[in-house]
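To start, the structure under review is shown below, and the notes come after it.
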Protein chains: 2
Amino acid sequence: MNPTFDDELRCEVTTVHRELVEQTRQKMPAEEKLYDLAELFKVFGDSTRIKIIWALFESEMCVCDIAALLNMSQSAISHQLRVLKQARLVKPRRDGKNMYYSLDDEHIEAIFYQGIKHINE
Amino acid sequence: MNPTFDDELRCEVTTVHRELVEQTRQKMPAEEKLYDLAELFKVFGDSTRIKIIWALFESEMCVCDIAALLNMSQSAISHQLRVLKQARLVKPRRDGKNMYYSLDDEHIEAIFYQGIKHINE
DNA sequence: TGAACATATGAATAGCTGTTCATGTATAAG
DNA sequence: CTTATACATGAACAGCTATTCATATGTTCA
């Protein structure tokens, strides 16, 4: 069942550029893609996670190293590592009692680099 | 006053790689930079704002166009445009009763492109 | 000037998020 | 087997956020 024209262009006010809106609607990526993109950036949108990732640019680290580096509790770091792992941004490696985490994506640096360029303007 | 060695390496557990932690600490950007970076990504971390930005890749649009395109209220869009404006990601242009918004940053596309590459893996 | 339109904004609220605390699980060593 | 260590995890809670609702501001036109 197609939505009606009114459904697609509902707006409290009346000055809508119908053609532009229709064209843009058709060029937009699937709703799900845009949602996933927002979810990815949401993961980057926390300074603790940003710090963890930046630390891992340097080297893989165990949980306790990261906790000491950021002066935060082991539990807090572990929770955040789980978020990063679920987003497939870091991956764990067990060595005895320690879990070593490292970056699992080659795009992160490019994303951060562009972000830095923006905030430096 | 320098913090003590204990202050810098506090961790509930004991296996800390002191040298690595110290080296990494010195290579980390200033706390404020990392905070600002997180704030920037936080702006991208909402699907409504992602959709607005994506729409503006196509063309500048007035508030009502965007509201119609996303089938959301004018007020909701206006609030989000304010967030984007404060982050210096969009800029407004008045034409009569309408406010036209357009992108105000050339890094956004590169950031989104890398993000898309990650979620497509 | 007054009415209609387009947008902005403050208050309120429901839903989400990051940390802490307590506790569970996995590994190593004696 | 027991203990200690390193990490994970569930519950709880405080703080934040995105939307709605009501209303204000700014612009055009008659």
Query raised in the report: Which whole number gives the average, over all residues in A:72-81, of C-beta atoms from other chains lying within 10 Å of the residue C-beta?
Result: 1
Report task. Using a 10 Å cut-off on Cβ to Cβ distances, tally the other chain neighbours for every residue of B:94-102 and report the average as a whole number. Result -> 1
Query raised in the report: Using a label position 7 Å from Cα in the Cα→Cβ direction, what is the ascending list of nm distances from A:I119 to the same site in the other copies?
Result: 2.2
Query raised in the report: Smallest Cβ-to-axis distance in chain B, for the rotation taking B to A: which residue, how many Å?
Result: B:G45, 2
Query - Teacher prompt: B:S73 distances to equivalent labels in other copies, 7 Å Cα→Cβ, nm - result: 3.8
Requested in this report: Among B:E39, A:E32, rank each residue by its count of other Cβ atoms within 10 Å, from fewest to most, as a rough exposure measure.
Outcome: A:E32, B:E39
Query raised in the report: Given a Förster distance of 22 angstrom, what is the FRET efficiency for A:K91 paired with B:N120, based on the Cβ-Cβ distance and rounded to 0.05?
Result: 0.75
Report summary line: So, with points 7 Å from each Cα along the Cβ direction, the A:S75-B:R18 label distance in nm works out to 2.8 nm
Query raised in the report: Counting pairs of alpha carbon atoms under 8 Å apart in space and at least six apart in sequence, what relative contact order in percent does chain A give?
Result: 19 percent
Report task. May I ask you to work out the translational diffusion coefficient for segment B:36-119 at 25 °C, viscosity 0.890 mPa s, via Stokes-Einstein with Rh from the Kirkwood sum over Cα pairs, reported in whole µm²/s? Result -> 188 µm²/s
Report task. Could you tell me which of the pairs B:K27/B:K85; B:K27/B:K51; A:K27/A:K91; A:K117/B:K85; A:K85/B:K51 are separated by over 28 angstrom between their Cα atoms in the structure shown? Result -> B:K27/B:K85; B:K27/B:K51; A:K27/A:K91
Query - Value at 222 nm in deg cm²/dmol, rounded to 500, when DSSP H runs of n ≥ 4 in the protein assembly as shown each add -39,500 (n - 2.57) - result: -18000 deg cm²/dmol
Report summary line: Dimensionless Rg/Rh of the protein assembly as shown, both radii on Cα and Rh by Kirkwood, sits at 1.08
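Readers should treat all values here as calculations from the given coordinates under stated rules, not as data from a laboratory. Everything numeric here is computed off the predicted structure, so don't read it as measured data. All Cβ positions, glycine included, derive from the backbone under ideal geometry; neighbour counts span all protein chains shown.
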